[in-house]
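Working notes, beginning with the structure itself.
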Amino acid sequence: MEYLLDIYGFGAVLLDAAGDAARAALAGGAAVLALIAAPRGAARPEGALLLALARRWTLRGAVATLVVTLAAAALQAVVLAGTLGRPVGDSLGAAPVQASGAMLGAALVLAALAAPRAAPPGWRRAALGAAALALLAAAAAGSHAVARPEGRGLLFLATLAHQAGAALWLGGLPPLLDALRRLEPAPARQVGRAYSRQAAAGAGLVLLGVVGFWDGYLGEPEALYGTAYGAMAMTKAAMLALLLALGGANFLLLHRADDAAGRRLPLVRRFVECEIALGLAVFAAAASITSLPPAVDLREDRLTLAEIVERFTPRAPRLVGPDHATLAISALQARLEEEARRTPAARAPAGYVPGAGEPPPRNAQNVAWSEYNHNWSGLLVLLVGLAALLDASRRIPLARHWPLVFLGLAGFILVRSDPEVWPLGPIDLITALRDPEVVQHKLAGLLVAAFALSEWGVRLGRLRNMGARFVFPLAMVAGGVLLLAHSHAIADRKEALLVELSHLPLAVLAVAGGCARWTELRGPEALARPARWIWPACLILVGTILTFYRES
């Protein structure tokens, strides 16, 4: 149980993100089935194919929702039982578990309504809409809105509108993409135009929800940069702006009168794929936001603009690190060992336990250690970005080996990211994995190593499997999503927020860079040419931010 409680926070954010995405896919698939596929019926071959695709994606969304909701409900029940010291059965009446039960019921109803192969008649289409609304309402019942002392009704409606908009827009993207790939150009363009109107309505609902959130959760501009909730909201807004740009481009491409033959459909498909990747990142940001207290509840001790400017004013990178023995936890360990020799075991002081809910001890040398790690990591990423730019010019053959630099970065992260953990520190790796931050660092190192090896093999022509080409962009997107769920256990809340302010742009750049590399690989050439230069530029920006990273 102790291990589960230690990792619960990180796991809960990931499950929340998966749940948001699964519910959006289910409700969005049901919307495509009811609003786009059903009216076209099955009289023509393309209508039957569209109906089958919408039905298939709705059922996939239902399965994903059932699996994730069951996992989240089980985790909540076990954690509640463990923290309260009561049997698991006693936690089944808790509000979060009951909300999960309502979502499970709505998902089962949606699956039953989508299961028949025939085109749904009017009553079944209305029932699909009602069940989807019930699913989203059950999810909204577990949001910040229901915990507010005042304005609860309006905030609940804002949350419901926000989630319904995300379902109509982002949740409908998978069946749309499948239809654009399988249908002939003329019917594919018609389906795309119909979906674009649905997505526009969804975008409007998303923005309507944002308006409601402003007064209820933020309240004033200072909250955007002075609180963790505001910083995450700004990050989500930046990705939403990218989504709006891609969606707007698709709208214009699909509604051009001079493209009756659908010549621009390859561009639309690529933009839809990037929208899906950004949508997953948005769901991760939304899950992170729900784990934070609203900014209106934290009016004291906020960050000021002066403090942010002071911290982010560039200075020379730290290229020489401190001696490991001078770090706080090493000094603490030495003191504990000395005291243990003179103190009975029963009275010996306790040391730092990973994941125990308290941050590890830190001193000025720990800050120097962290800055050294980030600055050298930044220089390595900067070198990769510059080498990738040279490789994009196709004039310097040696530059194609740039992925090997990432192997050095992976080893650097795995060894030095957590000085209290093996092989540098006294805490063994298995015990240290109780700390979510350690888990996230190790996952990041493994991701970097995986895409470095695969991308190098692709560059040399030794990996001819077409799927190997996509490991690098997918790993970049996955890294960005994980970074959105990343947390830093630093005692001073302002210090924690300053760290997050430097890491959140890295997440957005990683997702954007992954989408650009994906587009370069998938084409068409009109998009691949600019994308070839965009993703190295994203790496250069990531490297620059890390090179000048500061904690003091």
Can you find, within region 456-469, the residue that is modelled with the lowest pLDDT among those that are in contact with a Ser or Thr (Cβ under 9 Å, 6 or more places away or on another chain) and assigned to a helix (DSSP H, G or I)?
Ala468
Where residues in region 427-455 are small (Gly, Ala, Ser) and modelled with pLDDT of 85 or more, which of them is farthest from Leu484 (Cα to Cα)?
Ser454
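Yes or no, residue by residue, for (1) under 15 Å from Ala526 (Cβ atoms); (2) within 13 Å of the chain's Cα centre (by Cα); (3) among the acidic types (Asp, Glu); (4) assigned to a helix (DSSP H, G or I):
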| residue | (1), (2), (3), (4) |
| --- | --- |
| Ala237 | no, no, no, yes |
| Ala249 | yes, no, no, yes |
| Leu253 | yes, no, no, yes |
| Ala257 | no, no, no, no |
| Leu267 | yes, no, no, yes |
| Phe271 | yes, no, no, yes |
| Cys274 | yes, no, no, yes |
| Leu278 | no, yes, no, yes |
| Val282 | no, yes, no, yes |
Complete set of residues in region 425-452 that are among the aliphatic types (A, V, I, L, M), within 16 Å of Ile413 (Cα to Cα) and assigned to a helix (DSSP H, G or I)
Leu429, Ala432, Val438, Val439, Leu443, Ala444, Leu446, Leu447, Val448, Ala449, Ala450, Ala452
Just need a number here: residues in region 472-497 that are modelled with pLDDT of 80 or more and within 22 Å of Phe283 (Cβ to Cβ).
12
Just to be sure before I move on: is Arg263 of a type in the set (Lys, Arg) and within 28 Å of Gly19 (Cα to Cα) in the structure I sent?
no
Return the residues of region 523-533 that are aliphatic (A, V, I, L, M) and crowded, with 16+ Cβ neighbours inside 10 Å; say none if nothing qualifies.
Leu527, Ala531
Can you tell me which residue in region 249-263 is surrounded by the fewest Cβ atoms within 10 Å (Cβ to Cβ), limited to those that are at pLDDT 85 or above and touching a Lys or Arg at 6+ places or on another chain (Cβ under 7 Å)?
His255
Total residues in region 388-432, condition among the aliphatic types (A, V, I, L, M) and more than 28 Å from the chain's Cα centre (by Cα):
7
Set Gly153, Gly202: member being in the same structural domain as Ala48 (by TED's automatic domain parsing), crowded, with 18+ Cβ neighbours inside 10 Å and part of a helix (DSSP H, G or I):
Gly202
Looking at region 211-225, can you tell me whether even one residue there is touching a Cys at 6+ places or on another chain (Cβ under 9 Å) and at pLDDT 90 or above?
no
Consider Val296 carefully, then state whether it is β-branched (Val, Ile, Thr), under 25 Å from the mean Cα position of the chain (by Cα), buried (at least 19 other Cβ atoms within 10 Å of the Cβ) and assigned to a helix (DSSP H, G or I).
no
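The values are calculated or read from the model by the stated rules, or taken from the named source; none is laboratory data. On a predicted model such as this, the values are computed, not experimentally measured, just so you know. Using ideal geometry, Cβ is built from the backbone for each residue, glycine included, and neighbour counts are taken over all protein chains shown.
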